[in-house]
Amino acid sequence: MQIITTKKDLQAAVKVCKNEGKTIGLVPTMGALHQGHASLVQKAVEENDVCFVSVFVNPTQFNNKEDLAKYPRNIERDAELLSSIGADFVFAPTPEEMYSEEELNTTFAFDFAGLDKVMEGKMRPGHFNGVVQVVSRLFYLVQPDKAYFGEKDFQQLAIIHHMVERSSMAGTFGNLQIVDCPIIREDSGLALSSRNERLSDSEKLTALAISKTLFDSLKWAKSASVSEVQQRVIDTINAVPGLEVEYYEIVDQSTLLPTNTFHHAIGCVTVYCGPVRLIDNIKY
Ligand code: PAF
């Protein structure tokens, strides 16, 4: 496995693969890798001739400086895991390598067709501008055949699909296929997340109420309305000391707009567990 830190070396490696007629899989990450990421990389290794993984804590998608500073980083451990799974190239640039100073200091403009106005987009202004900025740059540099993203960040995935559909009209990303990968959970039900590293043992136990409530809500949905289920999820989680719901929205899986039917619906939750902001979702 080769670790690359510059765009120039990345493009040179991609060129060699393309010249050899190899298919390329890309897994964009911000590092602090866990078994959720490992499952994406495994799939990318299986489905492509070559697997590139980016490890880059993208500053332009953090609307909160403290969150950026506290984001866990451990490139040595990440590299060990990636090499054991069979990734071929790791791209780990600095922010200055990735962006010009102007790009680092201005919000990337993009037409989200409203997908950024709800949930994470509403709570974290500018977050998805940064996500689209970095992901489109990675797609441009790596020219992958397939790119892999987890469904835990469901709104991010919907926005990336939208971005690729829009730009493939203009031919930018060729036949790039976005591969949606299911949430990986601990046996306890807790959705794997790099942010879990910031939870104490007791907070980790407290956080279990989030996934448990989401799973219980599948049963509630059999005999209650969308708004009743929504309220019951919020009340149940908020009743647990140490947890505070920021939002729980039941939305259509394609438009991300609130829906009053469970057909094609997904419930997306954000909860503060102490100081740590956790997200999870459940499909109805
Ligand atoms: O999901 C993430 O880890 C990030 O948002 C991504 C897609 C790697 C872009 O920085």
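The values are calculated or read from the model by the stated rules, or taken from the named source; none is laboratory data. Since the model is a prediction, treat every value here as computed from it, not as a measurement. Here the Cβ positions follow ideal geometry from the backbone for every residue, glycine too, while neighbour counts run over all protein chains shown. Side chains included, ligands, DNA and RNA excluded: accessible areas come from the protein's heavy atoms. Shrake-Rupley method; radii C 1.70, N 1.55, O 1.52, S 1.80 Å.
Roughly how many debye, to the nearest 20, is the charge dipole of the chain about its Cα centre, given +1 on each Lys and Arg Cβ, -1 on each Asp and Glu Cβ, and no other charges?
With only Lys, Arg, Asp and Glu charged at Cβ, the dipole is about 240 debye.
Among Asn105, Asn238, Asn129, determine the one that fluctuates most according to a GNM of the chain built with springs between C-alpha atoms less than 10 Å apart.
Greatest mean-square fluctuation among the candidates belongs to Asn105.
Classify the stretch 1-70 as rounded, prolate or oblate, taking a ≥ b ≥ c as the square roots of the eigenvalues of its Cα gyration tensor: rounded when a/c is under 1.5, otherwise prolate if a/b is larger than b/c and oblate if not.
oblate
Tell me the net charge near Ser188. Cut-off is 14 Å between Cβ atoms, Ser188 excluded, with +1 for each Lys or Arg and -1 for each Asp or Glu.
Local charge sum for Ser188: -2.
Counting Lys and Arg as +1 and Asp and Glu as -1, what is the net charge of the other residues whose Cβ lies under 12 Å from the Cβ of Ala109?
So the environment of Ala109 carries a net charge of -3.
Relative to the present Cα-Cα distance, how much length would full extension add between Asn175 and Tyr272 at 0.36 nm per residue of separation?
31.0 nm is the gain from fully extending Asn175 to Tyr272.
Roughly what would the spin-label model give for Lys283 and Ser168, points 7 Å off Cα along C-beta, in nm?
1.8
Compute the angle between helix 201-220 and the longest alpha-carbon principal axis of the chain, please, reported from 0 to 90 degrees and rounded to the nearest 10.
Between helix and principal axis, roughly 70 degrees.
Roughly what would the spin-label model give for Thr261 and Arg77, points 7 Å off Cα along C-beta, in nm?
A separation of 4.6 nm, rounded to one decimal place.
Please report, in whole Å, how far the alpha carbons of the stretch 1-139 spread along each principal axis, starting with the longest.
Here the spans come out as 41, 30, 27 Å, largest first.
Please give the length that would be gained between Ser202 and Ala239 if that part of the chain were fully extended, namely 0.36 nm times their separation in residues minus their C-alpha to C-alpha distance (nm, one decimal).
11.7 nm
Test of understanding: express the Cα radius of gyration of the stretch 64-160 as a ratio to 2.2 N^0.38 Å, with N the residue count.
Against the compact-globule rule of thumb, the ratio is 1.20.
I'd like the accessible area for Phe262, computed on protein heavy atoms only with a 1.4 Å probe and all protein chains in place. Round to 10 Å², please.
40
If you take the square roots of the eigenvalues of the alpha-carbon gyration tensor of the stretch 167-275 and sort them as a ≥ b ≥ c, do you get rounded (a/c under 1.5), prolate (a/b over b/c) or oblate?
Note, shape of the stretch 167-275 comes out oblate.
For the chain, find the longest principal axis of its Cα atoms and tell me its angle to the long axis of helix 35-47, 0 to 90°, nearest 10.
Orientation of helix 35-47: about 50 degrees from the principal axis.
Taking every pair of Cα atoms in the stretch 62-101, average 1/r, invert it to obtain the Kirkwood radius, and report Rg/Rh to two decimals.
Ratio of gyration radius to Kirkwood radius for the stretch 62-101: 1.07.
Give me the mean projected area, in nm² to one decimal, of the convex hull enclosing the Cα positions of the stretch 72-229.
Seen from a random direction, the Cα hull of the stretch 72-229 projects 12.6 nm² on average.
In degrees, nearest 10, range 0 to 90: what is the angle between the Cα axis of helix 127-142 and the longest Cα principal axis of the chain?
Once rounded, the angle reads 30 degrees.
Looking only at the stretch 79-117, which residues have a backbone nitrogen under 19 Å from a spot 7 Å from the Cα of Val16 in the C-beta direction?
83-84, 86-93
Take Lys283, Lys212, Lys8 and sort them by solvent-accessible surface of the protein heavy atoms, 1.4 Å probe, largest at the top.
Lys8, Lys212, Lys283
Could you compute how fast the chain diffuses translationally, taking Rh as the Kirkwood radius over C-alpha pairs and applying Stokes-Einstein at 4 °C with viscosity 1.567 mPa s? Give it in µm² per second.
For these conditions, the coefficient is 65 µm²/s.
Could you sort Glu96, Glu197 by their accessible area in this structure, using a 1.4 Å probe and putting the largest first?
Largest to smallest exposure gives the sequence Glu96, Glu197.
Can you show me the helix-derived [θ] at 222 nm for the chain, built from DSSP H runs with n ≥ 4 at -39,500 (n - 2.57) apiece and divided by the number of residues, rounded to the nearest 500.
-13000 deg cm²/dmol
What percent of all Cα-Cα pairs in the stretch 117-181 falls into each 10 Å bin, going from 0 up to the bin containing the maximum distance?
21, 55, 23, 2
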